[in-house]
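What follows is one structure encoded as structure tokens, with my remarks underneath.
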Amino acid sequence: MPCDFLQHPMWKDHDYALTQVFYPQTPIEIGDYFLSLFLQEDVRFKICKNCGRYFAVMGKSKREYCTRIVENSRTLRTCMNIGAARLYNSTRAQHPARKAYMKVYKTLNSRMRANRMTKEAFTLWSAEARKKRDDCIAERITLEQFQEWLSSH
């Protein structure tokens, strides 16, 4: 005959929970305990490609950077932020047309911020320059033609 002991009048007015209790005898046992928890939760460790320290990864994550704040960083950037920016810049700067575009873009952007160029003129130039850059990457125009266009604007 099934018996639900929580329905017994003696237990009815109390909340109960089961919990694990751990009484370590040595520091090694503490390490073993945490290792077993990591294995149960599918936690893996990787080495951060920015700072070179270990960090925990849950599940099937492809993360390569940790979330620690980078030392000597005035802006409190994390390894993940720096790694993402580094990856973005490395892939963007591979083609010579991208390099030429970014050089002129930074020059004109600084002129706009210094009020030596209007924002509207910069926006129009930027849109046209992106089209020309993409044409150069797709080889519809040559790199020399693109660089000549950049220098004329």
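The values are calculated or read from the model by the stated rules, or taken from the named source; none is laboratory data. Just so you know, these numbers come straight off a predicted model, no measurement behind them. Neighbour counts run over all protein chains shown; Cβ positions are idealised from the backbone, glycine included. In case anyone asks, the SASA skips ligands and DNA or RNA and just uses the protein heavy atoms, side chains included. Shrake-Rupley method; radii C 1.70, N 1.55, O 1.52, S 1.80 Å.
Here are the numbers for this structure:
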item: Check: the chain dipole with +1 on Lys, Arg Cβ and -1 on Asp, Glu Cβ, in debye; result: 1400 debye
item: For the chain, built as a Gaussian network whose Cα springs stay under 10 Å, the top-fluctuating residue of A17, A138, A97; result: A17
item: Surface share of carbon and sulfur [accessible, 1.4 angstrom probe, percent] for the chain; result: 56 percent
item: For the range 70-153, with +1 on Lys and Arg beta carbons and -1 on Asp and Glu, the positive-most of T78, L150, V104 along the dipole; result: T78
item: Helix-only mean residue ellipticity at 222 nm for the chain, each DSSP H run of n ≥ 4 adding -39500 (n - 2.57), per residue, nearest 500; result: -16000 deg cm²/dmol
item: Full-stretch length increase - K99, T142 - with 0.36 nm per residue and alpha-carbon distance subtracted; result: 14.0 nm
item: Average Cα contact separation per residue, the chain, under 8 Å, 6 or more apart, as relative contact order %; result: 11 percent
item: Surface per residue (accessible, 1.4 Å probe) for the range 48-153, Å²; result: 74 Å²
item: Between 0 and 90°, nearest 10: helix 143-152 axis offset from the chain longest Cα axis; result: 70 degrees
item: Degrees, to the nearest 10: 79-92 long Cα axis against longest axis of the chain; result: 30 degrees
item: Between 0 and 90°, nearest 10: helix 96-113 axis offset from the chain longest Cα axis; result: 90 degrees
item: Estimated dipole of the range 73-153 in Debye, rounded to 20 [Cβ of Lys and Arg +1, of Asp and Glu -1, Cα centre]; result: 520 debye
item: Charge dipole (the range 12-64, unit charges on Cβ, about Cα centre) - positive-most of Y54, S36, L18; result: Y54
item: D32-T123 pseudo-label distance in nm [points 7 Å out on the Cα-to-Cβ vector]; result: 6.7 nm
item: Two-site label geometry, L39 and H153: point separation in nm, points 7 Å out along Cα→Cβ; result: 6.1 nm
item: Estimated FRET transfer efficiency when R0 is 35 angstrom, pair A17-Y54 (beta carbons, to 0.05); result: 0.55
